[in-house]
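What follows draws every value from the coordinates through simple rules; no lab data is involved. Because the structure is predicted, anything quoted here is derived from the model rather than measured.
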Amino acid sequence: MTSLLSSLVAALLLINLVALGTSRIGTMVRAVALQGVVLGMLALAAHGGLDYRVGLLVVASVGVKGWLIPVILFRALRDVAIKREVEPSLGFLPSLLLGALATVLAVGAANRLPLVETRLAPLLIPASFATIAAGFILITARRKAISQVLGYLVLENGIFVFGLLLVDAMPFLVETGVLLDLLVGIFVLSIIIHHINREFASLDTRRLSLLKE
């Protein structure tokens with residue numbers, strides 16, 4: 001089970017780098033969808049069994065993160081007819097290198113923490129920190145609103161990974177509340193994307209400066 005857990009964590013980190021290094025927004029959406037599936041498998045592998053709490057978490061992760069949200073984002077992509085992120089604030093290669101550096105630093109920082117749990121924490125905490133960092137890079141380095149939405153999803157996935165350490169201690173209603181907030185947030189962001197594109201014929205968030213008086 002530990003080898004499976006390590007493989008899933010490695011897949012999660014690899015998907016972070018794919019999202020950081022690609023200019024194709026469709027590829028980013030697919031990467032985030034795959035990350036949702038990996039998170040569901042990670043929740044199952046991390047707890048070594050399937051009880052009702054873990055089962056619902058797996059279904060919610062795969063169903064919402066791996067299917068429903070990507071469907072909404074692909075529909076938004078069709079509406080706005082864009083395929084690539086053009087002229088990001090930080091280039092794709094520097095973003096990729098920064099994400100790799102953040103992963104190394106996350107592993108180093110986790111090794112310095114006084115970890116009580118001996119099986120999950122050494123794997124999940126660095127993966128959580130690295131995924132949060134990747135999401136933050138996407139939010140700040142990309143200029144298309146939909147790319148920033150994807151960055152928000154990646155960042156939330158990092159928080160989700162950290163929450164897997166607390167499944168037994170944290171009430172399940174808190175976790176379902178996080179997923180509900182995420183789903184509502186994506187609906188709101190989809191509406192914002194639609195209105196930005198309608199008003200400015202572009203999803204470049206720099207255009208929002210035109211709203212200043």
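For the stretch 1-79, list log₁₀ I(q)/I(0) at each q in 0.15, 0.19, 0.21 Å⁻¹, using the Debye formula over Cα point scatterers of equal strength and ignoring solvent, two decimals each. Calculated log10 I(q)/I(0) at the listed q: -0.56, -0.81, -0.92.
Rounded to whole numbers, the Karplus 3J(HN,Hα) couplings from phi for the stretch 19-36 are 4, 6, x, 9, 9, 7, 5, x, 5, 4, 5, 5, 5, 5, 5, 5, 5, x Hz, using 6.51 cos²θ - 1.76 cosθ + 1.60 with θ = phi - 60°, and x at Gly and Pro. Amide H contacts for S23 (H built 1.01 Å from N in the peptide plane; partners 5 or more residues away or on another chain; cut-off under 5 Å): none found.
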